[in-house]
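Q: Below you will find the structure I want to go over with you.
The values are calculated or read from the model by the stated rules, or taken from the named source; none is laboratory data. Because the structure is a prediction, the values reported are computed rather than measured. Here the Cβ positions follow ideal geometry from the backbone for every residue, glycine too, while neighbour counts run over all protein chains shown. Keep in mind that these areas ignore ligands, DNA and RNA; they rest on the heavy atoms of the full protein, side chains included. Shrake-Rupley method; radii C 1.70, N 1.55, O 1.52, S 1.80 Å.
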Amino acid sequence: MSCIFCGIANGEVEAEVIGEGDRWIAFRDTNPQAPTHVLVVPREHIESLSALEESRTELAGELLRAAASMARQEGLEAGYRVVANTWSDGGQTVPHLHLHLLGGRKLRWPPG
Ligand code: AMP
């Protein structure tokens, strides 16, 4: 199975990478919805938040900390939002778990 985010994680697909760790990679979204729109993605192929097993609890924490770290790096002192769109009603289009980090403008609530 070919997965675009697996391709980015293993360097086969180009992306604007802004940070990485042993178990995650962060890169800019190609269709940004805010001045800063970054995706934080585990290197391991996990389909969605719902597919995240108990054995990956530490990884889940690492992804959240990575998102906060990327927010600091991007200078989002005024605030930001972290979102995991999940399955079709949640608007998930890429079936590889990712956190959207959005910031750089006032974000509305609720989202559409
Ligand atoms: P979602 O709709 O929550 O699954 O989010 C998938 C996101 O991935 C969308 O915001 C897309 O714009 C973004 N995206 C898709 N392909 C790429 C890519 N090759 N590089 C960067 N972002 C991508």
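Q: What dipole magnitude, in Debye to the nearest 20, does the chain give about its Cα centre under +1 on Lys/Arg Cβ and -1 on Asp/Glu Cβ?
A: I would put it at about 540 debye.
Q: What does the charge count near SER48 come to, summing +1 for each Lys or Arg and -1 for each Asp or Glu among other residues with Cβ under 15 Å from its Cβ?
A: Net local charge, SER48 excluded: -3.
Q: With θ set to phi - 60° and the Karplus curve 6.51 cos²θ - 1.76 cosθ + 1.60, what are the ³J(HN,Hα) couplings of the range 7-15 in order, to the nearest whole Hz, using x for Gly and Pro?
A: Once rounded to whole Hz, the list reads x, 5, 4, 9, x, 7, 10, 6, 7.
Q: Further question: Can you list which of the chymotrypsin sites (Phe, Trp or Tyr not before Pro) found in the range 1-108 are DSSP loop residues with at most 14 other C-beta atoms within 10 Å?
A: TRP87
Q: Between THR86 and GLU16, what is the label-point separation in nm under the 7 Å Cα-to-beta-carbon projection?
A: Placing both labels 7 Å beyond Cα along the Cβ direction yields 3.0 nm.
Q: Hey, another quick one. Between CYS6 and ALA68, what FRET efficiency comes out of the Förster formula 1/(1 + (r/R0)^6) with R0 = 30 Å and r the beta carbon distance, rounded to 0.05?
A: With R0 = 30 Å, the Cβ-Cβ based efficiency is 0.80.
Q: Further question on the same structure: Name the trypsin sites (Lys or Arg not before Pro) in the range 12-112 that are in a loop by DSSP and that have at most 10 other C-beta atoms within 10 Å, would you?
A: Sparse-neighbourhood loop trypsin sites (Lys or Arg not before Pro): LYS106, ARG108.
Q: Run through the range 40-112 and list the GluC sites (Glu not before Pro) located in a DSSP loop whose Cβ has at most 10 other Cβ atoms within 10 Å.
A: The qualifying sites are GLU53, GLU77.
Q: Go through the range 84-100 residue by residue and turn each phi into a ³J(HN,Hα) via Karplus (6.51, -1.76, 1.60, θ = phi - 60°); whole Hz please, and just put x for glycine and proline.
A: Once θ is set to phi - 60°, the couplings for the range 84-100 become 10, 4, 10, 6, 5, 5, x, x, 6, 10, 10, x, 9, 2, 8, 9, 7 Hz.
Q: I'd like the carbon and sulfur percentage of the solvent accessible area for the range 35-98, probe radius 1.4 Å, heavy atoms only, ligands and nucleic acids excluded.
A: 48
Q: Would you mind classifying the range 16-112 by shape? Square roots of the alpha carbon gyration tensor eigenvalues, ordered a ≥ b ≥ c; an a/c under 1.5 is rounded, otherwise it is prolate if a/b is larger than b/c and oblate if not.
A: oblate
Q: Using amide H atoms built in the peptide plane, which far-off residues or other-chain residues are under 5 Å from GLU47 H to H?
A: LEU97
Q: Summing Lys, Arg as +1 and Asp, Glu as -1, what charge do residues with Cβ under 13 Å from the Cβ of GLY21 carry, GLY21 excluded?
A: Charge balance near GLY21 sits at -2.
Q: Hey, another quick one. Grab the other residues whose beta carbon is less than 12 angstrom from that of LEU102, score K and R as +1, D and E as -1, and report the net.
A: +3
Q: Normalized C-alpha radius of gyration of the range 1-40, against 2.2 N^0.38 Å?
A: It is 1.16.
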